[in-house]
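Working notes, structure below.
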Amino acid sequence: MILAGDIGATKTNLALFEVKKGKLKNVFQDQFQSKKYEKFDDILALFEEQIPNIKIKAVCIGVAGAIIEQKCKTTNLPWDIDAEVLKERFKTSKVRLLNDLETTAYGMLYLKDEEFLELNSNARKTEGNIAVIAAGTGLGEAILHFDGKHFTPIGTEGGHSDFAPLTAQQDELLFWLRKRFPGHVSYERVVSGMGIYTIYEFLLESGFAKEPNEMKNLSLDADKSAMISQCAMQLKDPLCLETLRLFSEIYAAEAGNLALKYMSLGGVYIGGGIAPKILPFIKSEYFLNAFVSKGRFEELLRRVPLKVSLNQETALLGAVKFAYNKLL
């Protein structure tokens, strides 16, 4: 049996896979709300109660955080995860922790064509590196390095690099953000779930448009970013529409940055939970324009495949495939 996991700040997915005649079969899966638990061990204990007396041969878990010497202190959770502890717990040496974007990137290799939405109609299929970017609770970035025959996932913490504005409006946004985060303004501050609401606050304070009643009347524990998306998509509220337009513009620009940094001629794949929920904005002309607007390299980027993954379990798929291909 293989235990595969995807640990995020919002939710943790765990699944048990059986290997039969070279094929993987999902025999049990459960999801947990991450913030409800003090430590990852609490989730593992609950999961094991549901699968008693199962022998685990390999474990691969994608974690939202930097993996250093097979240990991780999660970025947006107070958890410490150690591969050596997991080896002892499951009595197997075949344990690997990966950054969650490494597993997402690896999972992209196994998606079917219909599980992608191509955004660039002029894309040309080319062998080469593939970049993966995913906005969700945070902003993850990874690379699939191509050596001529195989792809190797490489995790990064690129989402925490410095936010660089492209327009006069974004200049004003950065100036506003520096007052709130004087130490450092990263891309994750704006290209993430929390970033949507941050952009909304900036536009509201700058007097772009009036606040809709749906936002005024939200309870304190409500998902503000989700309501912004709802007001934009369903009610066509001007303030919320501009919030998602600006969010998408910055998201696309950073995807283009990633493509240049890694010469990702094989494509840029967009994962995470946000993009599929706001597809009209991701499919828009200004998204593609922001992606390719890189001066002398615009022509190159206009040929790069730009795809959205529609499969919300890509990271889990990547974890089990990595365990099967690399650990067993």
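According to the calculation over all Cα-Cα pairs in region 114-309, the P(r) per 10 Å bin from zero is 9, 36, 35, 15, 4, 0 %. Here's the picture: a label point sits 7 Å out from the Cα of Lys55 along the beta-carbon direction, and within region 76-113 the residues with their amide nitrogen under 16 Å of it are 90-94.
Taking each residue as 0.36 nm, the span from Ser293 to Lys112 lengthens on full extension beyond its C-alpha to C-alpha distance by 62.2 nm. Length available on full extension from Glu48 to Leu300: 0.36 nm per residue minus the Cα-Cα distance, which gives 85.8 nm. With each label modelled as a point 7 angstrom along the Cα→C-beta vector, the Arg124-Ser206 pair spans 3.7 nm.
Straight-line cross-link partners of Lys326 among the aspartates and glutamates, defined as a Cα under 15 Å from its Cα and at least 8 positions apart when in the same chain: Glu102. The alpha carbon centroids of region 30-85 and region 135-200 are separated by 26 Å.
Based on protein heavy atoms only, the chain ends up with 48 Å² per residue of surface accessible to a 1.4 Å probe. Taking Cβ atoms as reference points and 9 Å as the exclusive limit, the residues near Lys71 contribute a net charge of -3, counting Lys and Arg as +1 and Asp and Glu as -1.
If you take all other residues with their beta carbon under 13 Å from the beta carbon of Gln234, and give Lys and Arg +1 and Asp and Glu -1, the sum is 0. For the residue pairs Lys261/Lys283; Lys23/Lys57; Lys21/Lys94; Lys25/Lys87; Lys20/Lys71, the alpha carbons lie more than 26 Å apart in Lys20/Lys71. Subtracting the Cα-Cα distance of Asp162 and Lys149 from their residue separation scaled by 0.36 nm leaves 1.3 nm.
Dividing the summed -39500 (n - 2.57) terms of all DSSP H runs of n ≥ 4 by the residue count of the chain sets its mean residue ellipticity at 222 nm at -10500 deg cm²/dmol. Computing Rg and the Kirkwood Rh from the Cα coordinates of region 71-227 gives a ratio, Rg/Rh, of 1.04. Net charge dipole, the chain: roughly 960 debye, given to the nearest 20, about the Cα centre with Cβ charges of +1 for Lys and Arg and -1 for Asp and Glu. Within the shell defined by Cβ-Cβ distances under 13 Å, the residues around Leu111 carry a net charge of -2, with Lys and Arg each +1 and Asp and Glu each -1.
At a 1.4 Å probe, what is the % contribution of carbon and sulfur to the accessible area of the chain? Taking all protein chains in place, the chain shows 50 percent carbon and sulfur surface. Accessible area per residue was computed with a 1.4 Å probe on protein heavy atoms; Phe175 scores about 130 Å².
Label-to-label distance, Asn325 versus Lys71, with points set 7 angstrom from Cα along the beta-carbon direction: 3.0 nm.
Taking a straight line from the alpha carbon of Lys307, these aspartates and glutamates sit under 12 Å away, with near neighbours fewer than eight places off in the same chain left out: Asp113, Glu114, Glu115, Glu118. Look at the dipole of region 114-309 built from charges on Cβ: of Ala135, Ala253, His150, the Cα furthest out on the positive end belongs to His150.
The dipole here belongs to region 196-292: it is taken about the Cα centre, uses +1 on the Cβ of Lys and Arg and -1 on the Cβ of Asp and Glu, and is about 260 debye. For the chain, the list of Cys residues with no other Cys C-beta under 4.7 Å reads Cys60, Cys72.
For the residues Asp80, Asp113, Asp41, a GNM of the chain with alpha-carbon springs under 10 Å puts the largest fluctuation on Asp113.
In the elastic network of the chain, a GNM with C-alpha springs shorter than 10 Å, the most mobile of Glu157, Glu48, Glu242 is Glu48. With a simple spin-label model that places each label point 7 Å from the Cα along the Cα-to-Cβ direction, the separation between Lys25 and Asp171 comes to 6.3 nm.
The values are calculated or read from the model by the stated rules, or taken from the named source; none is laboratory data. Everything numeric here is computed off the predicted structure, so don't read it as measured data. Methodologically, a virtual Cβ is constructed for each residue, glycine included, from the backbone with ideal geometry; neighbour enumeration extends over all protein chains shown. What goes into the accessible areas is simple: the full protein's heavy atoms, side chains included, and nothing from ligands, DNA or RNA. Shrake-Rupley method; radii C 1.70, N 1.55, O 1.52, S 1.80 Å.
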